[in-house]
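A short write-up of the structure that comes next.
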Amino acid sequence: MKRLLSSSFSLLLVINLTSPRLVFGDDPKKDPDQIGNRDVGKGVNFYSLEKEIALGKQLAAQVERQAKIINEPVVSEYVNRVGQNLVRNSDAKVPFTIKVIDSEDVNAFALPGGFFFVNSGLILKADNEAELAGVMAHEIAHVAARHGTKQATRGEIAQLGMIPLIFMGGWTGYGIYQAASVLVPVGFLKFSRGMESEADMLGLEYMYKAGYDPEAFVDFFEKIETLEKRKPGTMAKVFSTHPPTDDRIKAAQKNIQTLLKSKPEYVVTTSEFNDVKDRLLAMHNKRKVDDPKDTGKPQLRRAPGSTNGPVDPDENGNTPKSDEDERPTLKRRPSDQSDSSQ
């Protein structure tokens with residue numbers, strides 16, 4: 001009987017040791033194999049998914065009124081395709097609308113309800129598609145976990161707790177708070193450090209399931225850390241609400257080692273990424289170059305010629321077309337003519 005019990009106990013121990021529940025604990029968020037079959041957005045939330053989508057649509061309309069959206073087909077289609085691939089490999093329960101903003105700021109943000117904006121500056125700063133996917137996966141994780149409306153709910157609970165609304169007709173005053181929060185979109189993007197850490201973990205899982213190298217997420221934040229040390233304050237605006245970069249890097253490395261099984265192959269970059277980056281570089285460079293070269297320099301070159309030359313060569317009609325190297329010859333020719341006439 002004792003042998004039977006001991007063998008049964010041994011069998012039970014083996015089953016438990018190989019069980020995902022033991023490996024990942026009781027938190028399904030730490031099991032990438034369960035992506036799509038877990039409710040990472042559960043928790044106290046005043047907003048239904050329908051209300052969250054409607055709210056995000058309103059906020060997105062405000063963003064599009066203020067920002068310049070890039071409608072270049074190759075760029076917009078590529079970024080949307082990368083994002084939708086990540087969404088399909090996530091826990092998100094809402095459809096995503098993804099657009100590119102013409103801005104050199106290194107940033108991306110996803111509003112409640114799946115309205116996602118990627119700055120062109122982020123694409124230019126990324127060295128490969130996997131780095132871009134890592135940042136996008138992090139933002140998709142915020143939406144999947146419903147961090148925006150959870151954060152808003154926390155604020156509303158704090159405000160409602162200061163007045164006896166709940167004892168005077170229930171939640172009749174809730175619509176006022178919801179309407180007021182629409183006027184401050186940034187309030188839906190400032191997350192607690194716990195929420196940012198959770199989005200880092202989920203984002204790593206999403207990019208991993210989509211086939212990208214999760215180490216690219218670490219590479220990007222190491223790059224951000226280097227930029228911040230070289231030029232303090234240059235990146236602070238972008239990641240002001242995130243945990244310190246050192247902490248994020250260490251946590252990401254730990255999650256990669258403990259949560260993600262190594263794969264024989266990962267997607268790092270594609271020729272399409274390079275093509276899109278070249279197109280954006282051309283757009284940014286053209287915007288910078290247009291004014292200084294076409295208007296400033298020719299005027300600055302003519303001004304010294306007209307003031308320093310002893311004789312104004314207007315009668316030849318060649319001065320506006322000449323370069324600086326040609327002006328000395330034009331100045332000599334009138335003097336030579338005056339000498340021969342004498």
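One table, with the values for the structure above:
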| item | result |
| --- | --- |
| Phi-based couplings in Hz for segment 143-151 (Karplus 6.51, -1.76, 1.60; Gly and Pro marked x) | 6, 4, 7, 6, 5, x, 6, 5, 5 |
| Förster-model FRET efficiency, 35 Å R0, Lys286 and Arg88, C-beta, rounded to 0.05 | 0.50 |
| Residue-wise HN-Hα coupling along segment 71-79, computed from phi with Karplus coefficients 6.51, -1.76, 1.60 (Hz; x: Gly, Pro) | 9, 4, x, 5, 5, 5, 5, 5, 5 |
| Residue-by-residue Karplus 3J(HN,Hα) for segment 273-283, coefficients 6.51, -1.76, 1.60, Hz, glycine and proline x | 4, 5, 5, 5, 5, 4, 5, 5, 4, 4, 5 |
| 5 angstrom amide H check on Thr97, placed H, neighbours 5+ away | Phe115, Phe116 |
| Extension gain (nm, one decimal) between Lys190 and Glu72, 0.36 nm per residue minus Cα-Cα | 39.5 nm |
| Pair Asp275, Asp127: separation of 7 Å Cα→Cβ label points (nm) | 2.4 nm |
| Ordering of 260-270, 48-58 by burial proxy (mean other Cβ atoms within 10 Å per residue, highest first) | 48-58, 260-270 |
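Read-outs: derived from the displayed coordinates by stated rules, not from any lab. A quick note: this is a predicted structure, and the numbers were derived from the prediction, not measured. Neighbour counts are summed over all protein chains in view; Cβ atoms, including those assigned to glycine, are modelled from backbone coordinates with ideal geometry.
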